[in-house]
Amino acid sequence: MDYPNGQAPGAPVRSGIPEHGRIPKYYAVKAHVAALVEELGEGQALPAERDLAVRYAVSRETVRQALRELLLEGRLRRRGRGTVVAGPKLEQPLSLASYTEGVRRQGRRPGRTLVGLDRFPCPAALAADLGADAGEPVWHMERVLLADDDRVGLESTYVTEARVPRLDTDFAPDSSFYAYLRERLGIRFGDADERIETVLATPREALLIGTPPALPMLLLHRVSRDTEGRPLERVRTLYRGDRFSFTTRLGAPR
């Protein structure tokens with residue numbers, strides 16, 4: 001089917017070409033490589049940079065710029081010294097479902113690696129979010145998020161010791177924290193406030209996730225409450241911008 005101006009639904013208007021018709025060389029190469037990506041399919045190797053430069057009659061630096069953008073967008077992935085076609089992004093629902101549940105729904109294997117579990121006196125700035133008194137003991141649990149053993153994010157969870165007294169002994173760090181709260185402690189989630197922004201990872205975060213510091217990240221801040229409206233947890237989660245998208249269903253305005 002032909003669409004107006006060659007614009008398929010969901011694609012950039014006029015395929016991103018300005019009205020004056022002049023586009024940078026790298027963008028033209030990017031468009032060609034993107035079409036090649038669709039032909040090759042997930043996991044297939046892309047031709048070498050020098051071969052692409054010859055094919056499109058441009059310099060290798062122009063090819064590199066095109067590939068860098070496709071890598072940042074998650075269309076390509078590095079494998080060894082080569083480049084392969086990436087699979088579709090993981091879709092994480094904006095809901096009070098756990099990361100584990102969201103990844104499993106897409107046929108992927110979720111996992112987590114514990115970075116650290118610490119107990120410390122609650123700072124005043126954190127106390128209101130957790131419904132705690134300043135100085136009250138709180139847990140901070142930091143874990144790397146995995147999907148099929150690939151590192152895709154970094155999660156920091158804050159919760160009071162009073163709500164979860166044996167987190168250091170009764171909880172398996174590679175499992176779902178939400179399932180632990182439900183099944184072992186009988187805690188049910190009621191609602192949450194969530195904010196999303198785009199950031200760059202710090203050098204430490206990039207090292208833990210295994211990404212270049214220049215890779216855009218999706219940062220989620222969440223403050224959750226139980227069914228009685230009592231504060232439960234505060235979570236800060238970084239997701240790789242090239243591997244994740246977020247979905248939600250919107251209702252009609254009232």
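The values are calculated or read from the model by the stated rules, or taken from the named source; none is laboratory data. As the structure is a prediction and not an experimental result, all values here were calculated from the model. Reconstructed Cβ throughout: ideal geometry from the backbone, glycine too, with neighbour counts over all protein chains shown.
Can you find a residue that is polar (S, T, N, Q), at pLDDT below 85 and in the same structural domain as residue 189 (by TED's automatic domain parsing) anywhere in segment 102-118?
Yes, segment 102-118 contains a residue that is polar (S, T, N, Q), at pLDDT below 85 and in the same structural domain as residue 189 (by TED's automatic domain parsing).
Out of all the residues in segment 72-85, is one or more surrounded by 15 or more Cβ atoms within 10 Å (Cβ to Cβ) and over 19 Å from residue 212 (Cβ atoms)?
If we filter segment 72-85 for residues that are surrounded by 15 or more Cβ atoms within 10 Å (Cβ to Cβ), which is where we start, we get 72-77, 83-85.
With the extra rule that they be over 19 Å from residue 212 (Cβ atoms), the set shrinks to 85.
So far as segment 72-85 goes, yes, one or more of its residues are surrounded by 15 or more Cβ atoms within 10 Å (Cβ to Cβ) and over 19 Å from residue 212 (Cβ atoms).
Yes/no matrix, rows are residues, columns are (1) basic (Lys, Arg); (2) not assigned by TED's automatic domain parsing to the domain that holds residue 163:
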position	(1), (2)
215	no, no
218	no, no
222	yes, no
226	no, no
233	no, no
240	yes, no
243	yes, no
253	no, yes
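Within segment 139-148, identify whether any single residue is of a type in the set (Phe, Trp, Tyr), under 30 Å from residue 74 (Cβ atoms) and touching a helix residue (DSSP H, G or I) at 6+ places or on another chain (Cβ under 8 Å), and answer yes or no. So that I can check it myself, show each step before the final result.
To start, the set of residues in segment 139-148 that are of a type in the set (Phe, Trp, Tyr) comprises 139.
Right, trim to under 30 Å from residue 74 (Cβ atoms) and you get none.
No, the conditions are met nowhere in segment 139-148.
Could you list all residues from segment 151-194 that are surrounded by 14 or more Cβ atoms within 10 Å (Cβ to Cβ), of a type in the set (Asp, Glu) and part of a strand (DSSP E or B)?
Correct list: 155, 194.
Looking at (1) in contact (Cβ under 8 Å) with a residue 40 or more places away in the chain; (2) part of a strand (DSSP E or B); (3) of a type outside the set (S, T, N, Q), can you tell me which one residue 197 breaks?
Going through the list (1) in contact (Cβ under 8 Å) with a residue 40 or more places away in the chain; (2) part of a strand (DSSP E or B); (3) of a type outside the set (S, T, N, Q), residue 197 breaks only (1).
Taking the stated definitions as given, is residue 156 in the same structural domain as residue 237 (by TED's automatic domain parsing) and in contact with a helix residue (DSSP H, G or I) (Cβ under 8 Å, 6 or more places away or on another chain)?
On the way: in the same structural domain as residue 237 (by TED's automatic domain parsing): yes; in contact with a helix residue (DSSP H, G or I) (Cβ under 8 Å, 6 or more places away or on another chain): no.
Criteria not met by residue 156.
Report yes if residue 233 is under 19 Å from residue 110 (Cβ atoms) and surrounded by fewer than 12 Cβ atoms within 10 Å (Cβ to Cβ), otherwise no. First the steps, then the outcome.
Values: under 19 Å from residue 110 (Cβ atoms): yes; surrounded by fewer than 12 Cβ atoms within 10 Å (Cβ to Cβ): no.
So residue 233 fails the test.
Looking at segment 1-97, what strands (runs of 3 or more DSSP E) fall wholly within it and have at least 3 residues that are touching a Pro at 6+ places or on another chain (Cβ under 6 Å) and either at pLDDT below 85 or of a type in the set (Gly, Ala, Ser) (or both)? Outline the logic, then answer.
Numbers: elements: 76-79, 82-85, 90-93.
Correct list: empty, since no element meets the threshold.
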